[in-house]
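Trainee: My questions will all concern the structure given below.
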Amino acid sequence: MRVSDVMSRGVISVGADTPLRKAAIMMLQYGLTGLPVLERGKLVGMITEGDLLRRVETNTERERTRWSQSSANCGQLAGEYTREHGRSVGEVMTRQVATVDENAPLAEAANLMQTHRVKRLPVVNCAGMVGIISRVDLLHAYVAAPAKDAAAPMSDAAIQEQLMAELACRPWVPHRSFRAEVSNGMVDLFGVIWDERQRTALRVAAENVPGVKEVRDHLKLFDPSTLL
């Protein structure tokens, strides 16, 4: 799936000169956590609930000790003051905004959201901004995706082959100490693991193979004391 398949179009936006309170009211009115900021159709920033976290009106502005004030540069302190006291969107908004191309795969959008720790990304093409993709859109994509259980069941040999192919390129698999046996759709996991998270991941990998009826765990956690 591509970003354009799940993004929201007809996005509500504000201008840099929009009063901050009006933008906050719009976010509440439309149930949004952020709004793109446009000037002459060009994306210049985003105003989000995070930008309104510390405000003088709610007595949530950052308190700095004399030491912390002396250790911060004047530009940093001035920027904090503007964000806490600014009255227009342009004074408070985030200017460095991550964007994603409308033809990018969903994985790219997910990576950008995770890397930049944001809940939404403006979607762009050569003409400018064309939409917004949010975490909710990715949730809709997940629900709409066909369930793996809907695939036709496979033979024991095919299950074994697909499971081992899935695990072959995974660096977290204890390849030297692990084996899986399949009988009548039942998968038995044997071997030694170094971390309990490996147990969960191996079970998940087996559960996702079509035709698997049950996964039985015989894995043993390595005990460092045995080396003493």
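The values are calculated or read from the model by the stated rules, or taken from the named source; none is laboratory data. The model shown is predicted, which means the values in this text are computed figures rather than measured ones. When we count neighbours, we look across all protein chains shown, and the Cβ atoms used for this are built from the backbone with ideal geometry, even at glycine.
Trainee: Does any residue of the range 170-185 turn out to be closer than 30 Å to Glu102 by Cα and of a type in the set (Phe, Trp, Tyr)? It would help to see each step written out before you state the result.
Mentor: Let us first name the residues in the range 170-185 that are closer than 30 Å to Glu102 by Cα, namely none.
Scanning the range 170-185 turns up no residue that is closer than 30 Å to Glu102 by Cα and of a type in the set (Phe, Trp, Tyr).
Trainee: Further question: Would you point out which residue out of Val182, Val209, Val204 is under 23 Å from Leu221 (Cα atoms) and either part of a loop (DSSP other than H, G, I, E, B) or more than 27 Å from the chain's Cα centre (by Cα) (or both)?
Mentor: Only one candidate passes the filter, namely Val182.
Trainee: Which condition does Val100 not pass, out of (1) hydrophobic (A, V, I, L, M, F, W, C); (2) over 27 Å from the mean Cα position of the chain (by Cα); (3) modelled with pLDDT of 90 or more, if it passes all the others?
Mentor: (2)
Rundown of residues vs (1) surrounded by fewer than 16 Cβ atoms within 10 Å (Cβ to Cβ); (2) within 26 Å of Met154 (Cβ to Cβ); (3) touching a helix residue (DSSP H, G or I) at 6+ places or on another chain (Cβ under 7 Å), yes/no style:
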{"position": "Leu189", "(1), (2), (3)": "no, yes, yes"}
{"position": "Trp194", "(1), (2), (3)": "yes, no, no"}
{"position": "Arg197", "(1), (2), (3)": "yes, no, no"}
{"position": "Val204", "(1), (2), (3)": "yes, yes, no"}
{"position": "Val209", "(1), (2), (3)": "no, yes, yes"}
{"position": "Val215", "(1), (2), (3)": "no, yes, yes"}
{"position": "Lys220", "(1), (2), (3)": "yes, no, no"}
{"position": "Asp223", "(1), (2), (3)": "yes, no, no"}
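Trainee: Within the range 60-71, track down each residue that is assigned to a loop (DSSP other than H, G, I, E, B) and modelled with pLDDT under 85. Spell out the reasoning first.
Mentor: Restricting attention to the range 60-71, the residues satisfying the condition of being assigned to a loop (DSSP other than H, G, I, E, B) are 60-65.
Within the range 60-71, Glu61, Arg62, Glu63, Arg64, Thr65 meet the criteria.
Trainee: Quick one: what pairs do we get from the range 81-97, first residue under 27 Å from Thr115 (Cβ atoms), second buried (at least 18 other Cβ atoms within 10 Å of the Cβ) and among the small types (Gly, Ala, Ser), C-beta under 7 Å, 6+ apart or different chains?
Mentor: Once the first residue is under 27 Å from Thr115 (Cβ atoms) and sits in the range 81-97, its partners that are buried (at least 18 other Cβ atoms within 10 Å of the Cβ) and among the small types (Gly, Ala, Ser) give Val89/Ala23; Met93/Gly45; Thr94/Gly45; Arg95/Gly45; Val97/Gly45.
Trainee: Applying the selection to the range 1-27, what residues are in contact with a Ser or Thr (Cβ under 9 Å, 6 or more places away or on another chain), exposed (fewer than 13 other Cβ atoms within 10 Å of the Cβ) and outside any loop (DSSP other than H, G, I, E, B)?
Mentor: Residue satisfying the conditions is Pro19 alone.
Here's the yes/no breakdown for (1) touching a Gly at 6+ places or on another chain (Cβ under 8 Å); (2) among the acidic types (Asp, Glu); (3) within 26 Å of Arg135 (Cα to Cα):
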site: Met27; (1), (2), (3): yes, no, yes
site: Leu38; (1), (2), (3): yes, no, yes
site: Thr48; (1), (2), (3): yes, no, yes
site: Glu63; (1), (2), (3): no, yes, no
site: Glu102; (1), (2), (3): yes, yes, yes
site: His116; (1), (2), (3): no, no, yes
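Trainee: Taking the range 36-49 on its own, how many of its residues are free of Cβ contacts under 8 Å to residues at least 40 places away in the same chain and within 18 Å of Val118 (Cα to Cα)?
Mentor: Residues that pass the stated criteria total 1.
Trainee: Same structure again: So, in the range 28-41, of the ones that are modelled with pLDDT of 90 or more and under 16 Å from Ala98 (Cβ atoms), which residue ends up surrounded by the most Cβ atoms within 10 Å (Cβ to Cβ)?
Mentor: Taking the candidates together, the pick is Val37.
Trainee: Quick one: would you say Pro171 is outside any helix (DSSP H, G or I), without any contact (Cβ under 8 Å) to a residue 60 or more places away in the chain and closer than 23 Å to Arg2 by Cα?
Mentor: Spelling it out, it is not the case that Pro171 is outside any helix (DSSP H, G or I), without any contact (Cβ under 8 Å) to a residue 60 or more places away in the chain and closer than 23 Å to Arg2 by Cα.
Trainee: Does the range 47-59 include one or more residues that are outside any loop (DSSP other than H, G, I, E, B), exposed (fewer than 14 other Cβ atoms within 10 Å of the Cβ) and not acidic (Asp, Glu)?
Mentor: Yes, the range 47-59 contains a residue that is outside any loop (DSSP other than H, G, I, E, B), exposed (fewer than 14 other Cβ atoms within 10 Å of the Cβ) and not acidic (Asp, Glu).
Trainee: Something else now. With Met129, Met154 as the choices, which residue is crowded, with 17+ Cβ neighbours inside 10 Å and under 30 Å from Val187 (Cα atoms)? Break it down stepwise before answering.
Mentor: Numbers: Met129 fails: under 30 Å from Val187 (Cα atoms).
Every option except Met154 fails the conditions.
Trainee: Among the residues of the range 75-112, count how many are over 15 Å from Val6 (Cβ atoms), small (Gly, Ala, Ser), out of contact with any helix residue (DSSP H, G or I) (no Cβ under 6 Å at 6 or more places or on another chain) and surrounded by fewer than 17 Cβ atoms within 10 Å (Cβ to Cβ).
Mentor: Of the residues in the range 75-112, 3 are over 15 Å from Val6 (Cβ atoms), small (Gly, Ala, Ser), out of contact with any helix residue (DSSP H, G or I) (no Cβ under 6 Å at 6 or more places or on another chain) and surrounded by fewer than 17 Cβ atoms within 10 Å (Cβ to Cβ).
Trainee: Just need a number here: residues in the range 72-103 that are part of a loop (DSSP other than H, G, I, E, B), among the β-branched types (Val, Ile, Thr) and over 16 Å from Asp51 (Cα atoms).
Mentor: Residues that pass the stated criteria total 1.
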